[in-house]
Each structure stands twice: as structure tokens, then as C-alpha cells.
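**Student:** Got a structure here, written out as C-alpha cells. Questions coming.
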Amino acid sequence: MSEQGGTVDPRFDPRFQRGYDPAVHAVPSPEPELSPEPDPIPEVAAFAPVARAEAPARADGFEQLGLVGALPVEERAPRRTNPYRVALGVASVALLVLGVVMIVVALQPRNDSVSDVTTAVWLSQLTQYGPLLALGPLLAGLIGLLLWVALSAIAPRSPLDEDEGA
Amino acid sequence: MSPARPQRAVLVAFWALAVVLVAGSALVFVTGVQIQLEVNDFWMSNNGQVSGDEEDFERIQWLATFSYQLVQVAVPAAALGFVAALGALGLHALRWELAHRAR
């Protein structure tokens, strides 16, 4: 073995290699000297429920590690936009536009001498669909918006929300 | 006190209601218009006259009224279905928001 005869592998700490001699391999270590007696294990119940209960309820990982002050605000994870809320808005606007288009198409002046009765019947029915399609999403959107504001008022605010509002 | 998250069963019920209302009303609407077209064709082919007896006239009248009622029922039902779908989307959004606030 290469460690025989007092040679040690320079890649590793000589104190943990076979043939280590403190007089020969006195390497200044940046780490503090180890005491012969190991430090007593502090009597902190690392996994005790009391220790978990003392952590703040809404603290995220950075806060629990005490790194909140060290991180600039810009480096925190941005709050994601609610995808369902976006889909709700898009669907409401799409239905509203569809209803308005149906009203406009149905009210276009047509040549009454057209012989296609089928088209005339379908267009006359679309005039009934258009207002409801336009009015339904509009009312649903308004009621949903009111509900959203009410629930946001009673829901607990997170620290991230307060940071964003500031 | 935080509001309770909507249960998954409520969401499923909303989506089922939306699908049934929209699909059913579309079917009823198309059926009603088809009957109206058939009645229209009948009147056009007979120059507005019923060649048969009084029962034929009553049958045609009943079909015309029935198809008109079908369309009348289908239109608000479809609108209600769209509102139910929007409500389901709103409940999804609420669940998402509450779940992320609870973290």
C-alpha cells in the first residue's frame, strides 16, 4: 500500500489515514482542534413535536433556515398566477364575444327573397341564443367576482401577500 | 377562520350538470328546429293548405307548438349549462387559491 512508511495520500486529511504521525504530518487545519472527549450531544430533541410546534406556522423554508434577511426580495420564488382564474376569465370573455357575434350575425339585413328556408329558421333561432349566451356569462362573471372579493376578504393573508402589497 | 375548500364531489357534480345541460339542450334545440323545418316544408308543399281532415291540421299544429316549446326550453338550459361550467371553473380556482394559501 502507498500509505505504508508514513506516506499519506495528499488528497485527503492525513489524520484519518493509516500511518498518521502528528509529528510528521502536522498540517495546519482550518477546522478547530478536536477535543479528545467528544462534545456531549446537546439535549435538543431535533425531531420532537415541540420543536416543530415552535416554528412559525407560515414560515417557508428560507425563514426556517434564517435566510430571509440574507436573500434579496427579488430572489424569492414568485407567486404563481392561479391558472383556473385565468381560464375562467378567458371562458367568460369568449362566451360573451360569441353571444355578441351571434346577435350581430342574426340581425344582419338579409334578402327576404332567399329561398333557403332552413337558413332563415336557424338564424331566427340564433337570435334567441345570442342574448342568453351574452348575458349568462356576464352575470356569472359579476357574481363570481363578488364571491371572489368576499372570500378574499375573509381568507387569511399570507406574508408573501403582504410583501407584494407593500 | 379559513373557508373550507370545495369538495371534489361538488366539482364533479358541477361538471356533470354542465355537460348534461349543454349536451342535452343542444340535442333538444336541434330536434326542435328540425321539427320546425319539417312543419315548414309541409306547409310550403301544400301551399298553406291542409289537404287532409281536421286531425291532420291538429297534428301539424301540435308539432309546430311542440317544436317551438323545445327550442324555448333548450335555450335557457344551455345558458344554465354554461353558467354551471363557469361555476365549476370558479370552484377549481377557489380550491387552488386556498390550497396555495394554506402552504
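The values are calculated or read from the model by the stated rules, or taken from the named source; none is laboratory data. What you see is a predicted model, and the numbers here were worked out from it, not measured in a lab. Here the Cβ is made from the backbone with ideal geometry for all residues, glycine too, and neighbour counts use every protein chain on show.
**Student:** Taking segment B:18-43 as the region of interest, how many residues are touching a residue at least 24 places away in the same chain (Cβ under 8 Å) and acidic (Asp, Glu)?
**Tutor:** The qualifying residues number 1.
**Student:** Of all residues being buried (at least 16 other Cβ atoms within 10 Å of the Cβ), at the interface with another protein chain (Cβ under 7 Å from one of its Cβ atoms) and not polar (S, T, N, Q) in segment A:80-102, which is farthest from B:Arg95 (Cα to Cα)? Just the residue, please.
**Tutor:** Ranking the candidates gives A:Leu95 first.
**Student:** Let me ask something else about it. Quick test for you: out of A:Leu145, A:Leu151, A:Leu98, pick the one residue that is at pLDDT below 75, under 30 Å from B:Gln72 (Cα atoms) and over 19 Å from the mean Cα position of the chain (by Cα).
**Tutor:** The unique qualifying residue is A:Leu145.
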